[in-house]
Amino acid sequence: MPNTTLTKILICWLLGTVFFRIAAFAQVTPPIINCIEIKVDGILIYWENTQTCGAAFDAHEIWVSNSENGPFTKLTEITDAMLTSYFDKTSNPDQKWYYYMITNCNGVLSTQSAIVDTDLPQPPNLFAASVISDNIVTLTWQPSPSPETKGYVVYKEVDGVLIEYAIINDPQAVSWQDTNAEANLHPEAYRMAAFDGCNQFGPNSGTLHKTIYLTATTEDCDDDITLTWTPYQAWGTDLLEYQIIKLDTTTQPPSFEKIATVPVTQNTFVYTLANNETYACFQVDALYKDNVSEANSNTVCAGYFSANGPEYMYLTRISVNEDNDVELDWVLDTQSPNNKLQLWRANKNPNDLVKLAQIAPPLAFTPEMSTIDDGAETDIRSYYYQVRHIDECGRFDTTNIGKTIWLKGKDQFNFKNGLSWTPFALNFAQATQYTIWRKPKDGGSFTSIATLDPTVLEYDDDYNSIQGDPGQQCYRIEASYTITLPAPVNKTLTLSSFSNTVCIEPLARVYLPNTFMPNGLNSTFKPTILAAEVANYTLHIVNRWGEVVFTTTDPAEGWDGRVRNTLAPQGAYAYHLTMTTEGGRNFERQGSVLLIR
């Protein structure tokens, strides 16, 4: 009976040895064929060793065929692991041959290497040359199918001649940027080729990819912008269309809007500026047949750049003077041509400005200019204002917009005048305080009576504190403010602006006693008139029989209870008072008064 234990040990040892051998060389890799050079008398093969079997190395096998699909025959075995080249003298260098290599590690064979032919590496499939910015062009391509490719060379057309322009040492690269391009000045043209490990350059990509070169032209005083571009010919019949792209350069990054598509046979487009546009920026995109891929042109901007307008023009002050006329001040670029200036005004909405007047320009513009609107009804409303500079094409530059302060007032019938006003408003300006100014209507000068926070828009003036008859009082509001003018002025000014003047007549207050006692405490019947200046006055007293017993036109004269110097009898008497104030207000009072003896 055989020794089963010994048999099992032997089998396990043999299986383990086989498993160890297989495991040890399971990761054997073939050499990488770097390049093949054609010589007069043979073919020189270069490779890069990658095998890891160390002392177990047996040989590198080189296989050859005159067909990519075989059959392949073993050309030779290289038993020196340090060698990296072999000269094939048996294959005719005038024919095309295909090679691959295998590594043998102690009987374990690697997979075969990539098949490399004796031709130079094929070029990459250059797909597009697209402008990213004025000085950057991006090339995109599909890699070369040749396994010996070690990188790419970019050829660029300079003065009609293709020159070797850039080397890309990455066979897997699929894009590259020319950061020294001048795509804003002319089309940039490119080809590409691949090179192998021997720095042998293969044929170039053939088709010349020229960037789309876009230009824009305008005529004087014309809103039309004509775009013209060079065709993108590299795609041939695979070119689907051109897209006209408008850029919004006020955002970062700029936003893009497709405004039109044109057929591939067209290379011009006319854009008309909108009413609120002075210029516009564009690019043209060539669209590939997949409806996704694009080749972009350079960016151009054109239009009305106001070369004949002022570099800056800012309203600094809008104020109502004591005659209720509006004074306007502004600063202006003194280098501006002496063209038309116009004053624009709106009653309620700043979007509804209309031309009010032509401002006669001086012999030369000065840094600070002013004008007066003497037709404004500043006592009944606020006005928005703007100054415009009109060039020879009828286009205009504008100042910022401001608004007058409209002050209203009335007698509150509590010996106070109530004031309210619209807020100060001027672009780039910020109110810091309001000052209330007051003066009598019949003369004198304005004096300050209160200073208020800029958020306060109402004030009650207690005129009962005025000595004597207050009469009509006139008021103005002064808004103090700072205005920060943007570039290129870059200056902050501290100024003030006044409202209209409003005069308030105190409401007349007439008090008539219902009883009087001659020779007593209240010895005469006389109306008491407060807060009014009387222009016309008539008082009649009538007895019960309808007889007029007293008449006067003097507010200071009262009835003493006598009729023709005779004491009138005790009893009730009717009165009738009519009065007109200096302000034109009419009053009429009638009633009865009791005469007591």
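If you go through segment 463-509 and keep only what is in a helix (DSSP H, G or I) and touching a residue at least 12 places away in the same chain (Cβ under 8 Å), you end up with 463, 464. Could you list all residues from segment 404-428 that are touching a Ser or Thr at 6+ places or on another chain (Cβ under 7 Å) and not basic (Lys, Arg)? Answer for segment 404-428, where residues must be touching a Ser or Thr at 6+ places or on another chain (Cβ under 7 Å) and not basic (Lys, Arg): 404, 405, 406, 407, 421, 422, 424, 428.
Looking only at segment 245-272, filter to residues that are assigned to a strand (DSSP E or B) and of a type in the set (Ser, Thr, Tyr); which one of those is nearest to the chain's Cα centre (by Cα)? Break it down into steps so the answer makes sense when it comes.
Filtering segment 245-272 down to residues assigned to a strand (DSSP E or B) leaves 245-248, 255-262, 268-272.
Now restrict to residues that are of a type in the set (Ser, Thr, Tyr): 255, 261, 268, 271-272.
Values: 255: 11, 261: 26, 268: 29, 271: 22, 272: 21 Å.
So, considering only residues that are assigned to a strand (DSSP E or B) and of a type in the set (Ser, Thr, Tyr), the one nearest to the chain's Cα centre (by Cα) is 255.
Number of residues in segment 539-550 that are in a strand (DSSP E or B) and surrounded by 13 or more Cβ atoms within 10 Å (Cβ to Cβ): the value is 6.
Restricting attention to segment 34-48, and to residues there that are assigned to a strand (DSSP E or B) and among the acidic types (Asp, Glu), which single residue is surrounded by the fewest Cβ atoms within 10 Å (Cβ to Cβ)? It would help to see each step written out before you state the result.
Step one: list which residues in segment 34-48 are assigned to a strand (DSSP E or B), which gives 34-39, 42-48.
Filter again for among the acidic types (Asp, Glu), leaving 37, 48.
Numbers: 37: 16, 48: 11.
Of everything passing the filter in segment 34-48, 48 is surrounded by the fewest Cβ atoms within 10 Å (Cβ to Cβ).
When residue 238 is tested against (1) outside the structural domain of residue 278 (by TED's automatic domain parsing); (2) under 21 Å from residue 125 (Cα atoms), exactly one condition is not met: (1). Quick one: in segment 210-224, of everything that is modelled with pLDDT of 95 or more and of a type outside the set (Ser, Thr, Tyr), which residue is nearest to residue 287 (Cα to Cα)? Looking at residues that are modelled with pLDDT of 95 or more and of a type outside the set (Ser, Thr, Tyr), I get 212. So if I check each of 194, 173, which one is in contact with a strand residue (DSSP E or B) (Cβ under 6 Å, 6 or more places away or on another chain) and modelled with pLDDT of 95 or more? Step by step, each of 194, 173 is checked, and only 194 is in contact with a strand residue (DSSP E or B) (Cβ under 6 Å, 6 or more places away or on another chain) and modelled with pLDDT of 95 or more. Restricting to segment 493-507, give me the number of residues that are farther than 22 Å from residue 325 by Cβ and among the hydroxyl-bearing types (Ser, Thr, Tyr). Qualifying residue count, segment 493-507: 1.
Just to be sure before I move on: is residue 581 buried (at least 16 other Cβ atoms within 10 Å of the Cβ) and of a type outside the set (Gly, Ala, Ser) in the structure I sent?
Numbers: buried (at least 16 other Cβ atoms within 10 Å of the Cβ): yes; of a type outside the set (Gly, Ala, Ser): yes.
The answer is yes for residue 581.
The C-beta contact set for segment 44-69 (first residue in contact (Cβ under 8 Å) with a residue 60 or more places away in the chain, second residue loosely packed, with under 15 Cβ neighbours inside 10 Å and in a strand (DSSP E or B), distance under 6 angstrom, 6+ apart or interchain) comprises 46/85.
Among the candidates 386, 433, single out the residue that is under 28 Å from residue 490 (Cα atoms), touching a helix residue (DSSP H, G or I) at 6+ places or on another chain (Cβ under 9 Å) and part of a strand (DSSP E or B).
On the way: 433 fails: touching a helix residue (DSSP H, G or I) at 6+ places or on another chain (Cβ under 9 Å).
Matching residue, one of 386, 433: 386.
Only a single item in (1) of a type outside the set (A, V, I, L, M, F, W, C); (2) part of a strand (DSSP E or B); (3) assigned by TED's automatic domain parsing to the domain that holds residue 241 is not met by residue 276, and it is number (2). Taken over segment 21-33, residues that are modelled with pLDDT of 90 or more, in contact with a Gly (Cβ under 9 Å, 6 or more places away or on another chain) and surrounded by 18 or more Cβ atoms within 10 Å (Cβ to Cβ) amount to 1. If you check residue 129 against the conditions, is it aliphatic (A, V, I, L, M), assigned to a loop (DSSP other than H, G, I, E, B) and over 16 Å from residue 200 (Cβ atoms)? No; evaluated as a whole, the condition is false for this residue. Take segment 510-534 and flag every residue that is at pLDDT below 90 and not in a loop (DSSP other than H, G, I, E, B). Those that are at pLDDT below 90 and not in a loop (DSSP other than H, G, I, E, B): 510, 511, 528, 529, 530, 534. Of the numbered criteria (1) assigned to a loop (DSSP other than H, G, I, E, B); (2) under 17 Å from residue 129 (Cα atoms), the one residue 242 fails is (1).
Does segment 279-288 include one or more residues that are closer than 17 Å to residue 129 by Cβ, modelled with pLDDT of 95 or more and in contact with a helix residue (DSSP H, G or I) (Cβ under 8 Å, 6 or more places away or on another chain)? Yes; the residues of segment 279-288 include at least one that is closer than 17 Å to residue 129 by Cβ, modelled with pLDDT of 95 or more and in contact with a helix residue (DSSP H, G or I) (Cβ under 8 Å, 6 or more places away or on another chain).
Listed residues 420, 336; which is on the phi < 0 side of the Ramachandran plot, among the small types (Gly, Ala, Ser) and outside any strand (DSSP E or B)?
336 is the lone residue from the list that is on the phi < 0 side of the Ramachandran plot, among the small types (Gly, Ala, Ser) and outside any strand (DSSP E or B).
Mind counting the residues in segment 552-568 that are within 25 Å of residue 581 (Cβ to Cβ) and either surrounded by 13 or more Cβ atoms within 10 Å (Cβ to Cβ) or not assigned by TED's automatic domain parsing to the domain that holds residue 581 (or both)?
Restricting attention to segment 552-568, the residues satisfying the condition of being within 25 Å of residue 581 (Cβ to Cβ) are 552-559.
Cutting the leftovers down to either surrounded by 13 or more Cβ atoms within 10 Å (Cβ to Cβ) or not assigned by TED's automatic domain parsing to the domain that holds residue 581 (or both) gives us 552, 555, 557-559.
Of the residues in that region, 5 qualify.
The values are calculated or read from the model by the stated rules, or taken from the named source; none is laboratory data. Values in this document were obtained by computation on a predicted structure and should not be read as measured data. Cβ sites come from the backbone with ideal geometry, for glycine too, and all protein chains shown count toward neighbours.
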